[in-house]
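Here's the structure we're looking at; comments come further down.
Readers should treat all values here as calculations from the given coordinates under stated rules, not as data from a laboratory. These figures come from a predicted structure and were not determined experimentally. So basically every Cβ, Gly included, is an ideal-geometry build from the backbone, and we count neighbours across all protein chains shown.
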Amino acid sequence: METSFETERLLLRPRTFHDLEACLAMDRDPEIVRFIPGPWNDPEKHRAFVNDRITADYRPGFGYWSVFEKSQPDTFVGWILLLHENDQWQDAEIGWRFLRRCWGEGYATEAARAICEHAFQAVGITSLYADIDARNVGSVRVAEKLGMTHETSHPKTDPDSLFYRINVSDNL
């Protein structure tokens, strides 16, 4: 993944080892990871977890992007992802995580909109989904601002999980 993006207020670039410590620090905030299962309380497993995501071999156009404010281009504020779970290129997952100080500022929506456009226009994805814990009101709002709709018929095994989807034909 070589593609970087610039939005009105943000810079998005492929996540690298330069971002490792900032990612780990963000995940140590219990409010940020409250609705996300992971090895957050085990330093070794947590580091290995993030390491694995940095070194993974993603298909072109997919992966994780670190996000920075244009006004402070060296200050990490979060990340956004575009992943696929199988060989079907037309369906991919989008996700985001941001520092608490950025919540409510529209950064997640702004960054996600850039990745949606990239997925639909450059990568050729026809459908994006987000799997969000029902208690994560902020992420639900981001999905809705992106034009994603809640799919009640999706066969999720976790009763606390909501499944949102947007198709290329939907209005971004």
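Set the Förster distance to 35 Å, then compute FRET efficiency between GLN72 and ASP42 from the Cβ-Cβ distance, nearest 0.05. Write down the numbers at each step before the final one.
On the way: r = 31 Å, r/R0 = 0.88.
That pair, GLN72 with ASP42, gives E of 0.70.
Among ALA56, GLY124, PRO14, whose Cα sits farthest toward the positive end of the charge dipole of the chain (+1 at Cβ of Lys/Arg, -1 at Cβ of Asp/Glu, about the Cα centre)?
PRO14
Could you give the length gained on full extension between THR109 and ARG28, defined as 0.36 nm per residue of separation minus the Cα-Cα distance, in nm? Show your work: numbers first, answer last.
Working: separation 81, 0.36 × 81 = 29.16 nm, distance 2.28 nm.
Contour length minus Cα-Cα distance gives 26.9 nm.
How far apart, in nanometres, would the label points at THR3 and ASN51 be if each is projected 7 angstrom from Cα along the Cα-to-Cβ direction?
That separation, rounded to one decimal, is 3.0 nm.
Between the range 96-141 and the range 1-75, how far is it from one alpha carbon centroid to the other, in angstrom?
14 Å
If you average the sequence gap of Cα pairs under 8 Å that are 6 or more apart and divide by the length of the chain, what percent do you get for the contact order? Walk me through the numbers on the way to the answer.
Details: 278 pairs, mean separation 32.1, N = 172.
Dividing the mean separation by the residue count of the chain yields 19 percent.
Separation between the THR126 and ARG141 pseudo-spin-labels, each 7 Å from Cα along Cα→Cβ, expressed in nm?
Placing both labels 7 Å along Cα→Cβ, they lie 3.4 nm apart.
Hey, can you rank 48-54, 139-145 by average C-beta count inside 10 Å, highest first?
Working: 48-54: 15.4, 139-145: 19.3.
Averaged packing, sorted descending, gives the order 139-145, 48-54.
Of the peptides 116-124, 36-44, 97-105, how do they stack up when ordered by the mean number of other Cβ atoms within 10 Å, highest first? Present the calculation step by step, with values, prior to reporting the outcome.
Numbers: 116-124: 16.2, 36-44: 11.9, 97-105: 14.6.
The densest-packed peptide leads the list: 116-124, 97-105, 36-44.
Taking only the alpha-carbon positions of the range 39-86 and ignoring solvent, what does the Debye formula give for the base-10 log of I(q)/I(0) at q = 0.16, 0.27, 0.30 Å⁻¹?
-0.60, -1.02, -1.04
Return the distance in nm (one decimal) between the two label points of a simple spin-label model at GLU117 and ARG165, each offset 7 Å from Cα along Cα→Cβ.
If labels sit at GLU117 and ARG165, their model points lie 2.5 nm apart.
For the chain, what is the Kirkwood estimate of the hydrodynamic radius, computed as the reciprocal of the mean inverse distance between distinct Cα atoms, to one decimal in Å?
Details: mean 1/r = 0.0610 Å⁻¹.
In the chain this quantity evaluates to 16.4 Å.
Using all alpha carbons of the range 18-102, what is the percent of pairwise distances in each 5 Å bin, ordered from the shortest bin to the longest?
3, 13, 23, 24, 20, 12, 5, 1
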